[in-house]
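The values are calculated or read from the model by the stated rules, or taken from the named source; none is laboratory data. Since the model is a prediction, treat every value here as computed from it, not as a measurement. Note: ideal-geometry Cβ built from the backbone for every residue, glycine included; neighbour counts use all protein chains shown. Keep in mind that these areas ignore ligands, DNA and RNA; they rest on the heavy atoms of the full protein, side chains included. Shrake-Rupley method; radii C 1.70, N 1.55, O 1.52, S 1.80 Å.
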Amino acid sequence: RGRRETGVPSMADVQSMLGAAGADIAPPSPTPKQGAKTGDIASPGSKGARRRTKAHVGEGGASSIVLGSEGQQWQLRARFAGAGRERGEVAHRASGEVRAVGDAICWARLFSHDCRSEPEPCDLHHLPPGTCPAHTRWALGQRRRDCADEGHGGEAHALTPDALSAVCLAWYGDKWEPYDRQGGGEAQAGAGVAPDALCLECEEEDGSVYCTLGFWQDEVERRHPANAHLQALFAEAWMPELLRAPGSGRLWKGHRRRLLKELSEAYAMLLRVRRERGAASERPADGAGSVLFDVCSGKGVASLVLAYALPSARIVMVDSDEGMNLSYVRMRQNLSFHQLDVFKPRFEQLLASEAAGADWACVIGTHLCGALSPRLIGAYVGAGAVLDVLLLSPCCLKGWLGQAVMREAKANGRNKYSVLLEELSVLLDSMLAGSAQVGAPELDLEVLSPVNGFITARRTRPPSGAPIDPPRAAA
């Protein structure tokens with residue numbers, strides 16, 4: 001299943017692609033540099049063949065296979081792995097699952113003219129015989145240039161990008177609709193989705209257990225029975241609903257140890273958000289009037305926790321990765337995603353526009369690495385009074401500041417992460433110049449990571465009707 005999702009062909013796929021040519025898979029002539037690891041391909045059904053063929057499969061789904069007695073090498077691609085680069089995507093009307101338009105095509109048939117799908121018929125779309133695979137990939141946005149082989153007939157390059165997209169959309173049917181990542185990867189919440197839709201991943205027999213509260217309570221009891229954050233998280237009244245959030249099923253099927261670590265970080269951040277909102281004034285428990293920015297949100301585990309814990313607050317996810325499947329974002333009315341590089345000037349503009357009119361605004365950075373922590377500090381300082389609170393959990397520092405931290409920690413025999421927290425706190429306090437209060441760095445021992453420090457800065461908003469200072473340029 002993992003190979004299907006990443007675009008890397010399995011051994012059976014490779015065999016079927018090569019079967020139509022009638023060529024036998026034979027070992028290449030050994031060379032001094034090649035040895036048994038790179039060129040030794042055993043009989044097709046052997047364990048060695050499966051292992052060594054997998055070693056030939058590289059990034060992008062290409063596999064280099066030696067064919068026949070002439071020893072010619074062919075590069076076979078089942079499909080381009082970067083589906084996010086394709087020109088078109090479709091979303092399921094009920095579940096919000098997003099797929100590439102090109103997933104409708106039978107690539108095995110396109111490359112070998114025989115998809116070998118027996119005993120069951122192939123239900124993928126078969127393009128006309130003779131269609132050029134390189135031209136097809138170009139029409140889908142998987143190649144930068146069209147096929148330049150003048151020897152191909154006109155029928156090989158007959159399909160235009162629009163015509164190919166129309167054919168693929170027709171194959172998906174009425175249950176699917178075109179999906180446009182507005183603003184360069186920005187998903188709009190709640191567009192065209194039934195409010196009572198259930199996650200298709202959870203409806204599958206083999207996936208439903210991962211979306212149940214009992215499964216995760218057992219996991220916590222088995223792995224971390226004394227962890228207060230996880231115990232409290234799975235005791236929250238909204239947690240069962242979160243686990244069955246439409247479109248989020250694949251989140252809960254990942255690496256469980258890493259996922260529990262991320263959940264402990266998310267709950268630690270939620271506790272601090274609740275504390276800061278309560279310290280500001282008496283505010284609604286559901287988060288009404290608040291906006292929270294989850295910067296470098298990744299797949300959005302912390303964003304989901306915040307969205308369900310504060311159902312009336314707006315949660316804004318910001319990340320530069322455009323290849324993530326975030327179909328659950330479209331299901332949640334108070335959750336949105338912006339595909340954006342935080343080092344671009346547009347980041348400050350996003351913070352100012354989204355926080356405008358909010359009663360309380362908070363920017364969050366969890367497990368930020370390298371220059372991301374100083375960057376978020378600079379953005380918070382530059383945003384001015386529109387941002388009330390900064391909650392930062394740094395991971396590491398690189399460059400000159402990271403080297404200074406290492407030297408000080410070594411010279412004084414101290415823990416380098418504690419020194420890192422202090423240095424970032426001093427940097428934040430000096431940049432704010434008294435315009436906000438910076439709390440002492442704190443360590444949360446219930447976070448399942450050695451990187452468990454938190455830095456907090458809070459501003460006091462001027463009374464209603466008083467002028468608000470304009471944002472200052474970040475240093």
Given the residues S303, S264, S312, which is the only one that is polar (S, T, N, Q), surrounded by fewer than 18 Cβ atoms within 10 Å (Cβ to Cβ) and on the phi < 0 side of the Ramachandran plot? S312
Looking only at region 409-430, which residues are farther than 18 Å from V451 by Cα and either basic (K, R) or open to solvent by less than 10 Å² (accessible area, probe 1.4 Å) (or both)? K410, L428
Mind counting the residues in region 247-258 that are open to solvent by 10 Å² or more (accessible area, probe 1.4 Å), under 12 Å from K299 (Cα atoms) and in a helix (DSSP H, G or I)? 2
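Which ones in region 218-246 are open to solvent by 30 Å² or more (accessible area, probe 1.4 Å) and among the hydrophobic types (A, V, I, L, M, F, W, C)? Before the answer, list the steps.
Filtering region 218-246 down to residues open to solvent by 30 Å² or more (accessible area, probe 1.4 Å) leaves 218, 221-226, 228, 231-232, 235-238, 240-241, 244.
Hits for region 218-246 are A226, A228, A232, A235, A237, W238.
Kindly establish whether M406 is open to solvent by 10 Å² or more (accessible area, probe 1.4 Å), on the phi < 0 side of the Ramachandran plot and without any contact (Cβ under 8 Å) to a residue 12 or more places away in the chain.
On the way: open to solvent by 10 Å² or more (accessible area, probe 1.4 Å): yes; on the phi < 0 side of the Ramachandran plot: yes; without any contact (Cβ under 8 Å) to a residue 12 or more places away in the chain: yes.
The answer is yes for M406.
Given the criteria modelled with pLDDT under 95, in contact with a helix residue (DSSP H, G or I) (Cβ under 8 Å, 6 or more places away or on another chain), closer than 14 Å to A313 by Cβ and open to solvent by less than 40 Å² (accessible area, probe 1.4 Å), does G287 qualify? Explain how you work it out, then say what you get.
Working: modelled with pLDDT under 95: yes; in contact with a helix residue (DSSP H, G or I) (Cβ under 8 Å, 6 or more places away or on another chain): yes; closer than 14 Å to A313 by Cβ: yes; open to solvent by less than 40 Å² (accessible area, probe 1.4 Å): yes.
Yes.
Within the bounds of region 224-237, is there any residue that is more than 21 Å from L448 (Cβ to Cβ), out of contact with any Gly (no Cβ under 6 Å at 6 or more places or on another chain), assigned to a loop (DSSP other than H, G, I, E, B) and not charged (D, E, K, R)? Quick ask: steps written out before the conclusion?
Within region 224-237, the first condition is being more than 21 Å from L448 (Cβ to Cβ), and the residues that meet it are 237.
Now narrow it down to the ones that are out of contact with any Gly (no Cβ under 6 Å at 6 or more places or on another chain): 237.
Applying the additional criterion that residues be assigned to a loop (DSSP other than H, G, I, E, B) yields 237.
This time we only want the ones that are not charged (D, E, K, R), so: 237.
Among the residues of region 224-237, at least one is more than 21 Å from L448 (Cβ to Cβ), out of contact with any Gly (no Cβ under 6 Å at 6 or more places or on another chain), assigned to a loop (DSSP other than H, G, I, E, B) and not charged (D, E, K, R), which makes the answer yes.
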For V329, indicate whether it is in contact with a Phe, Trp or Tyr (Cβ under 7 Å, 6 or more places away or on another chain) and not in a helix (DSSP H, G or I). no
Sole miss for Y179 among (1) closer than 30 Å to A313 by Cβ; (2) surrounded by 19 or more Cβ atoms within 10 Å (Cβ to Cβ); (3) modelled with pLDDT of 80 or more is condition (3)
Consider only pairs whose beta carbons are under 6 Å apart and that are at least six residues apart or on different chains; among these, list those whose first residue lies in region 315-338 and is over 15 Å from L292 (Cβ atoms) and whose second residue is at pLDDT 85 or above and part of a strand (DSSP E or B). E322/Q339; L326/F337
Quick check on region 148-160: of everything there that is modelled with pLDDT under 85 and more than 19 Å from R109 (Cα to Cα), which residue is most open to solvent (accessible area, probe 1.4 Å)? E150
Restricting to region 332-355, give me the number of residues that are open to solvent by 20 Å² or more (accessible area, probe 1.4 Å), farther than 24 Å from A245 by Cβ and modelled with pLDDT of 90 or more. 8
Inside region 368-393, the number of residues satisfying the requirement of being under 19 Å from R459 (Cβ atoms), touching a residue at least 60 places away in the same chain (Cβ under 8 Å) and assigned to a helix (DSSP H, G or I) is 10
Does C396 fit the bill of being touching a residue at least 40 places away in the same chain (Cβ under 8 Å) and part of a loop (DSSP other than H, G, I, E, B)? yes
All positions within region 124-147 that are open to solvent by 50 Å² or more (accessible area, probe 1.4 Å), part of a loop (DSSP other than H, G, I, E, B) and modelled with pLDDT of 80 or more: L124, H126, P128, P129, D146
Go through the residues of region 447-460 one by one and say whether even a single one is in a helix (DSSP H, G or I), among the aliphatic types (A, V, I, L, M) and modelled with pLDDT of 90 or more. no
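Please enumerate the residues belonging to region 360-382 that are open to solvent by 10 Å² or more (accessible area, probe 1.4 Å) and of a type in the set (A, V, I, L, M, F, W, C). Write out each step before concluding.
In the first step, residues of region 360-382 are kept if they are open to solvent by 10 Å² or more (accessible area, probe 1.4 Å); the result is 366-367, 369, 371-372, 374-375.
Correct list: C369, A371, L372.
Could you identify the single residue in L401, L387 that is surrounded by fewer than 18 Cβ atoms within 10 Å (Cβ to Cβ), of a type outside the set (G, A, S) and farther than 15 Å from F454 by Cα?
Details: L387 fails: surrounded by fewer than 18 Cβ atoms within 10 Å (Cβ to Cβ).
Criteria check complete, one pass: L401.
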Please work out if V329 is modelled with pLDDT of 90 or more and surrounded by 18 or more Cβ atoms within 10 Å (Cβ to Cβ). no
